[in-house]
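Worksheet: one structure, shown below.
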Amino acid sequence: MKYKVLKIAFAVWIGLWLFFVARELVIKDNLRDYKALITRSLEDKHAYMTGEDLYRFLKFCKANLPGRATYRLTGLEKGSVNKQRAVYYLYPLLESGDPDFILVYGSCSAKEDGYMMFAGSSGFGCIMKKMKVR
Amino acid sequence: MVELIIILISITAVTFIGCNVLYLIAGKSLKLKLGEIVAVSYGLGLGFLSLEMLLFYFAGWAFTVEGILSPWLLLLAVNAVRYFRGRSRLMEPALVAAPSRKPGLIDVFLAGGIVFEVIYAVFRALIKPIESYDAIAIYAIRSKIFFLAKAIPQDYFAAIARLFPHADYPLNIQLSETFLYMSMGSLNDALVKVIFPFFFAAILCMLYFALRRFASRTYALVFTFILATIPHFNNYATNAYLEVPLAFYIFVSGLFLLRWLEDGSSGAIILSAVAASLAGWTKNEGLMYCVIYTGLVFIFVISKGKKTSKKDILHAFLYSGIIVLVSLPWTLLKAGWHIANDEIALANLNPANLVRQLHKLGTITYEFQKQLFGPKKWNIFWPAFIVVMLLNYKKTLEMPVRYAAAAIFLALSGYVVFYMISYLDVVFFTSKTWARFMLDFLPLAVYLLAVVLKEDVKC
């Protein structure tokens with residue numbers, strides 16, 4: 001009796017396993033991701049996972065800022081996974097409460113006291129630089 | 001492709017170092033199968049290499065691949081002398097319950113399922129760069145810092161570490177990733193994730209051979225298949241979180257602790273202690289398992305009463321001594337730089353505070369049962385586990401499995417206590433972490449289930 005119950009439980013297990021494998025691939029749309037990622041370079045994979053626009057903006061910032069500059073990033077939700085990815089990609093640039101630069105992802109219409117436009121990035125955002133105090 | 005080959009060669013070298021550490025620890029006192037040797041050596045290799053990299057920080061040395069690997073030549077030489085003098089082999093014909101027969105259809109199906117899960121885990125890990133939340137915010141950022149600096153920067157603990165979350169988290173896997181980046185010469189954060197499915201495969205390997213010591217091939221395959229196909233477990237083998245490496249060390253430590261309880265071998269108790277301390281070097285939760293396992297060792301020795309031998313007492317102190325020794329560099333560093341956990345303070349662990357936090361128990365229990373009965377994560381494992389344990393409670397209390405059951409019970413209790421004394425909102429904390437914490441002792445639970453069910457299953 002016990003053995004029969006265990007056999008049934010194992011059969012249920014296998015049924016659920018097959019369902020979850022199928023779910024993981026098809027229902028959760030992972031197949032589409034795999035198809036998109038498999039031929040990409042590492043750089044393109046980063047862009048795909050982060051979002052092409054944001055990744056291009058982060059690359060733009062990295063290319064335009066001095067190596068050890070400090071920054072504050074706006075336009076991304078605090079604590080969001082994309083914020084964490086941005087911090088990771090931008091290192092060795094470091095976040096700071098009193099930064100050399102403000103990286104504005106998205107609309108650049110808002111002004112920041114004490115900062116001036118430093119560089120714009122074809123519609124994805126811009127970089128503002130701290131003005132020197134005489 | 002070149003980077004893939006380099007990373008595989010590097011992992012082989014690391015595993016070879018681990019094999020030498022294992023040989024030093026165990027000599028011929030442990031009878032292990034080749035699969036077990038490779039699995040244990042992989043975990044030991046990464047653990048000791050990263051510990052060595054931490055010592056480089058104390059010495060003020062920069063990382064180079066040659067610099068990291070070359071000190072191990074000394075161990076290699078010592079082992080070579082030991083081997084040729086004593087002919088003591090690490091691999092002996094291990095105990096196997098039933099002689100191998102031709103694999104049946106069910107064996108082929110089960111083995112196929114396990115191989116599929118391992119290959120699929122490797123694929124899922126490598127197809128994406130590190131991108132999930134904690135993996136990137138806590139772990140990968142540190143590997144990047146160390147790789148770019150070619151060292152643990154001397155101002156790391158004073159300044160840099162505090163700019164990113166959880167400065168107090170141990171650095172085993174972060175430094176292992178750094179070593180692999182250095183081997184490749186690039187920050188390929190997709191390939192480096194191969195570490196995790198390899199830990200997954202190593203756990204499956206350990207489980208299979210542990211079960212083969214008392215059961216048939218089919219029986220061992222059934223439970224290895226069960227572990228391999230638990231969705232939450234194989235997912236975590238791909239996302240660069242540290243739960244699977246941690247589960248590996250906890251499981252290896254637990255298995256060899258059980259072996260020591262059976263045969264009292266010095267090799268088993270030393271290996272258990274080393275693996276437990278590497279669990280503490282992987283995640284802070286690992287320290288809890290160090291305390292639990294050490295406590296169980298002492299309970300066992302004391303419970304023998306007049307039958308306690310000097311060797312037992314020596315083993316108990318050796319166990320705690322090894323854990324203290326391996327944990328010492330990281331503990332001293334944290335204490336020296338006043339780095340503390342920002343979620344839990346052990347100062348809050350006192351009876352008065354626990355009573356004050358009793359109101360959290362409802363939420364903790366509610367979230368726990370939500371995890372238990374979630375088939376999307378666990379299939380039907382936990383309900384089946386609970387039913388089997390309740391129906392077979394007498395077998396659960398037999399030697400030595402009662403120590404495995406006690407370890408799981410104490411770990412669960414430990415997590416409950418941590419939730420109670422944590423500063424974080426209990427709903428947020430439990431909903432984010434309960435399922436993850438349960439991964440830590442999952443392999444041990446599968447092993448326990450297999451032991452308890454042995455007499456009811458005819459295969």
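The values are calculated or read from the model by the stated rules, or taken from the named source; none is laboratory data. Everything numeric here is computed off the predicted structure, so don't read it as measured data. Quick reminder, even Gly has a Cβ in these numbers, built from the backbone with ideal geometry, and neighbours come from all protein chains shown.
Go through region B:1-42 and report how many residues are more than 30 Å from residue A:38 (Cβ to Cβ) and touching a helix residue (DSSP H, G or I) at 6+ places or on another chain (Cβ under 9 Å). If you could, list the steps in order and put the result at the bottom.
Residues of region B:1-42 that are more than 30 Å from residue A:38 (Cβ to Cβ), as a first pass: B:16-37, B:40-41.
Keeping just the survivors that are touching a helix residue (DSSP H, G or I) at 6+ places or on another chain (Cβ under 9 Å) gives B:16-30, B:32-33, B:35-37, B:40-41.
Number of matching residues: 22.
Name every residue in region A:54-69 that is over 16 Å from residue A:43 (Cβ atoms) and either away from chain B (no Cβ under 11 Å) or at pLDDT 95 or above (or both), in order of residue number. Steps first, please.
From region A:54-69, those over 16 Å from residue A:43 (Cβ atoms) are A:64-69; that's our starting set.
Listed by number, the residues that qualify are A:64, A:65, A:66, A:68, A:69.
Of the conditions (1) within 8 Å of chain B (Cβ to nearest Cβ); (2) free of Cβ contacts under 8 Å to residues at least 12 places away in the same chain, residue A:46 satisfies every one except a single condition; which number is it?
It is condition (2) that residue A:46 fails.
Do any helices (runs of 4 or more DSSP H) entirely within region B:94-197 hold 3 or more residues that are within 21 Å of the chain's Cα centre (by Cα) and at pLDDT below 95, and if so, which? I'd like the intermediate steps shown before the answer.
On the way: elements: B:105-127, B:141-149, B:172-184.
It comes to none.
Here are some residues: B:246, B:255, B:175, B:261. Which one is surrounded by fewer than 22 Cβ atoms within 10 Å (Cβ to Cβ) and either under 20 Å from residue B:131 (Cα atoms) or in contact (Cβ under 8 Å) with a residue 12 or more places away in the chain (or both)? It would help to see each step written out before you state the result.
Values: B:246 fails: surrounded by fewer than 22 Cβ atoms within 10 Å (Cβ to Cβ); B:255 fails: surrounded by fewer than 22 Cβ atoms within 10 Å (Cβ to Cβ); B:175 fails: surrounded by fewer than 22 Cβ atoms within 10 Å (Cβ to Cβ).
Of the residues listed, the single one that is surrounded by fewer than 22 Cβ atoms within 10 Å (Cβ to Cβ) and either under 20 Å from residue B:131 (Cα atoms) or in contact (Cβ under 8 Å) with a residue 12 or more places away in the chain (or both) is B:261.
For region A:119-129, state whether one or more residues are of a type outside the set (A, V, I, L, M) and closer than 23 Å to residue B:132 by Cα.
Applying the first criterion (of a type outside the set (A, V, I, L, M)) to region A:119-129 yields A:120-126, A:129.
When the remaining residues are screened for being closer than 23 Å to residue B:132 by Cα, the result is none.
Scanning region A:119-129, I find no residue that is of a type outside the set (A, V, I, L, M) and closer than 23 Å to residue B:132 by Cα, so the answer is no.
Where the second residue is of a type in the set (Phe, Trp, Tyr) and part of a helix (DSSP H, G or I) and the first is within 7 Å of another protein chain (Cβ to nearest Cβ) and buried (at least 21 other Cβ atoms within 10 Å of the Cβ) and lies in region B:119-137, which pairs have Cβ atoms under 7 Å and are six or more apart or on separate chains?
So the pair list comes out as B:136/A:88.
Within region B:427-447, work out how many residues are more than 14 Å from every other protein chain (Cβ to nearest Cβ) and free of Cβ contacts under 8 Å to residues at least 60 places away in the same chain.
Here is the first cut: in region B:427-447, the ones more than 14 Å from every other protein chain (Cβ to nearest Cβ) are B:427, B:429-431, B:433-445, B:447.
Pick out the ones that are also free of Cβ contacts under 8 Å to residues at least 60 places away in the same chain and you get B:433.
Of the residues in that region, 1 qualify.
When the residues of region B:407-423 are filtered to those that are closer than 28 Å to residue B:300 by Cβ and in contact with an Asp or Glu (Cβ under 9 Å, 6 or more places away or on another chain), which remaining residue is nearest to the other protein chains (Cβ to nearest Cβ)? Steps first, answer last, please.
To start, the set of residues in region B:407-423 that are closer than 28 Å to residue B:300 by Cβ comprises B:407-418.
If we keep only those that are in contact with an Asp or Glu (Cβ under 9 Å, 6 or more places away or on another chain) as well, we get B:411, B:414-415, B:418.
Working: B:411: 24, B:414: 28, B:415: 24, B:418: 22 Å.
Going through the qualifying residues, I end up with B:418.
Any idea which of A:85, A:72 is within 7 Å of chain B (Cβ to nearest Cβ), surrounded by 12 or more Cβ atoms within 10 Å (Cβ to Cβ) and under 25 Å from residue B:137 (Cβ atoms)?
Details: A:72 fails: within 7 Å of chain B (Cβ to nearest Cβ).
Only one candidate passes the filter, namely A:85.
Here's a check for you: in region B:150-170, which residue that is in contact (Cβ under 8 Å) with a residue 40 or more places away in the chain and either among the hydrophobic types (A, V, I, L, M, F, W, C) or within 8 Å of another protein chain (Cβ to nearest Cβ) (or both) is surrounded by the most Cβ atoms within 10 Å (Cβ to Cβ)?
Ranking the candidates gives B:152 first.
Looking at region A:9-38, I want the residues that are at the interface with chain B (Cβ under 9 Å from one of its Cβ atoms) and have a partner that is among the small types (Gly, Ala, Ser) and surrounded by 13 or more Cβ atoms within 10 Å (Cβ to Cβ) with Cβ atoms under 8 Å, at least 6 apart or on another chain. Which pairs are those?
Note: pairs meeting the criteria are A:9/B:384; A:17/B:113.
For region B:5-28, indicate whether the set of residues that are outside any helix (DSSP H, G or I) and under 30 Å from residue B:155 (Cβ atoms) is non-empty.
Let us first name the residues in region B:5-28 that are outside any helix (DSSP H, G or I), namely B:27-28.
Filter once more, so that each one left must be under 30 Å from residue B:155 (Cβ atoms): none.
No: zero hits.
So, of the residues in region A:88-134 that are among the aliphatic types (A, V, I, L, M) and under 19 Å from the mean Cα position of the chain (by Cα), which turns out to be nearest to the other protein chains (Cβ to nearest Cβ)? Can you show your working first?
Just the residues of region A:88-134 that are among the aliphatic types (A, V, I, L, M), to begin with: A:90, A:93-94, A:102-104, A:110, A:116-117, A:119, A:127-128, A:131, A:133.
Narrowing further to those that are under 19 Å from the mean Cα position of the chain (by Cα): A:90, A:93-94, A:102-104, A:127.
On the way: A:90: 10, A:93: 11, A:94: 6, A:102: 18, A:103: 16, A:104: 21, A:127: 20 Å.
This residue is A:94.
Between B:222, B:192, which is crowded, with 24+ Cβ neighbours inside 10 Å, within 14 Å of chain A (Cβ to nearest Cβ) and either under 26 Å from residue B:280 (Cβ atoms) or out of contact with any Ser or Thr (no Cβ under 6 Å at 6 or more places or on another chain) (or both)?
Values: B:222 fails: crowded, with 24+ Cβ neighbours inside 10 Å.
Testing whether each residue is crowded, with 24+ Cβ neighbours inside 10 Å, within 14 Å of chain A (Cβ to nearest Cβ) and either under 26 Å from residue B:280 (Cβ atoms) or out of contact with any Ser or Thr (no Cβ under 6 Å at 6 or more places or on another chain) (or both) leaves just B:192.
When you look at residue B:341, is it over 30 Å from residue B:213 (Cα atoms) and assigned to a helix (DSSP H, G or I), yes or no? Let's see the steps before the verdict.
On the way: over 30 Å from residue B:213 (Cα atoms): yes; assigned to a helix (DSSP H, G or I): no.
Considered against the rule, which asks whether it is over 30 Å from residue B:213 (Cα atoms) and assigned to a helix (DSSP H, G or I), residue B:341 comes out as no.
In region B:274-296, what residues are in contact (Cβ under 8 Å) with a residue 40 or more places away in the chain, within 18 Å of residue B:22 (Cβ to Cβ) and part of a helix (DSSP H, G or I)?
Of everything in region B:274-296, those that are in contact (Cβ under 8 Å) with a residue 40 or more places away in the chain, within 18 Å of residue B:22 (Cβ to Cβ) and part of a helix (DSSP H, G or I) turn out to be B:274, B:275, B:276, B:277, B:278.
Can residue B:231 be described as surrounded by fewer than 23 Cβ atoms within 10 Å (Cβ to Cβ), touching a Lys or Arg at 6+ places or on another chain (Cβ under 9 Å) and touching a residue at least 40 places away in the same chain (Cβ under 8 Å)?
Details: surrounded by fewer than 23 Cβ atoms within 10 Å (Cβ to Cβ): yes; touching a Lys or Arg at 6+ places or on another chain (Cβ under 9 Å): yes; touching a residue at least 40 places away in the same chain (Cβ under 8 Å): yes.
In short, yes.
If you take the residues of region B:300-335 that are in contact (Cβ under 8 Å) with a residue 60 or more places away in the chain and not aromatic (Phe, Trp, Tyr), which of them is surrounded by the most Cβ atoms within 10 Å (Cβ to Cβ)?
First pass over region B:300-335, keeping only residues in contact (Cβ under 8 Å) with a residue 60 or more places away in the chain: B:300, B:326, B:329-330, B:333-334.
From what is left, the residues that are not aromatic (Phe, Trp, Tyr) are B:326, B:329, B:333-334.
On the way: B:326: 22, B:329: 15, B:333: 17, B:334: 16.
By that ranking, first place goes to B:326.
With B:404, B:450 as the choices, which residue is among the aliphatic types (A, V, I, L, M), away from chain A (no Cβ under 14 Å), touching a residue at least 12 places away in the same chain (Cβ under 8 Å) and touching a helix residue (DSSP H, G or I) at 6+ places or on another chain (Cβ under 9 Å)? Spell out the reasoning first.
Values: B:450 fails: away from chain A (no Cβ under 14 Å).
Testing whether each residue is among the aliphatic types (A, V, I, L, M), away from chain A (no Cβ under 14 Å), touching a residue at least 12 places away in the same chain (Cβ under 8 Å) and touching a helix residue (DSSP H, G or I) at 6+ places or on another chain (Cβ under 9 Å) leaves just B:404.
Against the condition crowded, with 20+ Cβ neighbours inside 10 Å, within 14 Å of chain A (Cβ to nearest Cβ) and in a helix (DSSP H, G or I), how does residue B:388 come out, does it pass? Outline the logic, then answer.
Values: crowded, with 20+ Cβ neighbours inside 10 Å: yes; within 14 Å of chain A (Cβ to nearest Cβ): yes; in a helix (DSSP H, G or I): yes.
It is true that residue B:388 is crowded, with 20+ Cβ neighbours inside 10 Å, within 14 Å of chain A (Cβ to nearest Cβ) and in a helix (DSSP H, G or I).
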